[in-house]
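The structure appears below as structure tokens.
The values are calculated or read from the model by the stated rules, or taken from the named source; none is laboratory data. Only a predicted model underlies this, so the values are computations on that prediction, with no experimental measurement involved. Virtual Cβ from ideal backbone geometry, glycine too; neighbours counted across all protein chains shown.
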Amino acid sequence: MNKRLEHALNCEVQDQVPFLPAIFEHKAWFVGETPSRVARDAHLLTTALLAEYERVQPDALTIGVDVYNVEAEAIGCSVIYYEGDDNSVPAIGSEGAVFQGSEDVTSLKMPDPRKDGRMPLNLEVARNIVKVLGKEVPIRGAVSGPFSLAAHLAGPENFFMLTVTQPDLVNNLLHFASEVIKRYGKAFVELGCGVVIFDSVFPRAGCAACAVDYRGKHDEVTRCLSGNRGEQYPVRHKGRCEGVLEQMFDGPSRIPAKH
């Protein structure tokens, strides 16, 4: 088993820095297809991942194409897919949100990872890849972070306004998002996968302006998925991080402080 990623997370000396290219929608290139087709076809995605490993030889593989959309779609958000030879990345459009802020968070559907949206498809692909490459290289399921998922559910602009006008409601929404992610992440773990969490960074100014528990929910997800095994799961933050670096060095998802 390739252990470069594990050694890096533990700040251990190794033969080389782990090679972890961010290949998601670009997986489609390996099979001559579009992201919209590969994201919705278990056979194509499995084939693309096997080709990615053969051609690129990464030190870990990640199951996912449009990694920020899967949980939101399973809850009810509409994803725009592109037909023909259009290589645009599937996305949740301006009309795709399912939560406006006037309703209760309990009105949202709690998805079942084995039944709803494309969660079952990604789990099927994970099962296929673990069976073939599970003893060669770490396999990780891609899951959203609480902040990114909540923003998709409410729509980004509406969500940022709610963080100021209704922070208690946003905390409830973040709690719901965390529960969704924990269920989906656990389903990957049960298949023998690791998990990589993709989240957007909550701006420092926003943290100071309202009482939204962004970091707490993020750490709650990490703690739940790590369980009692003491495993460390990578977190990919999207956005400007300089304002929240101190928070990233604290909590269960902290960066190890070794020299």
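The table below lists the values:
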item	result
Subset tally (residues that are closer than 19 Å to C77 by Cα, assigned to a helix (DSSP H, G or I) and either touching a residue at least 60 places away in the same chain (Cβ under 8 Å) or in contact with a Cys (Cβ under 6 Å, 6 or more places away or on another chain) (or both)) for region 140-168	8
Whichever residue in region 65-90 is among the β-branched types (V, I, T) and not in a loop (DSSP other than H, G, I, E, B) and, among such residues, is surrounded by the most Cβ atoms within 10 Å (Cβ to Cβ)	V70
Filter result for V130 (at pLDDT 95 or above and closer than 16 Å to I92 by Cβ)	no
Cross-chain or 6+ apart pairs with Cβ under 7 Å, region 51-64 first and buried (at least 19 other Cβ atoms within 10 Å of the Cβ) and modelled with pLDDT of 95 or more, then among the acidic types (D, E) and not in a loop (DSSP other than H, G, I, E, B)	L61/E52
Number of positions in region 130-175 that are β-branched (V, I, T) and surrounded by 24 or more Cβ atoms within 10 Å (Cβ to Cβ)	4
Complete set of residues in region 1-58 that are within 21 Å of E136 (Cβ to Cβ), of a type in the set (A, V, I, L, M, F, W, C) and assigned to a helix (DSSP H, G or I)	L5, A8, L9, F30, V31, A42, L45, A48, L49, L50, A51, V56
Test: residue in region 147-162 that is touching a Lys or Arg at 6+ places or on another chain (Cβ under 7 Å), closer than 30 Å to N2 by Cβ and not aromatic (F, W, Y)	no
Tally of residues being at pLDDT below 75, within 25 Å of R118 (Cα to Cα), assigned to a helix (DSSP H, G or I) and touching a helix residue (DSSP H, G or I) at 6+ places or on another chain (Cβ under 8 Å) across region 176-233	2
Qualifying residues in region 55-97 (those that are under 25 Å from L5 (Cα atoms) and among the charged types (D, E, K, R)) - the one nearest to the chain's Cα centre (by Cα)	D66
Filter pass, F99 being touching a Ser or Thr at 6+ places or on another chain (Cβ under 9 Å), surrounded by 22 or more Cβ atoms within 10 Å (Cβ to Cβ) and part of a loop (DSSP other than H, G, I, E, B)	yes
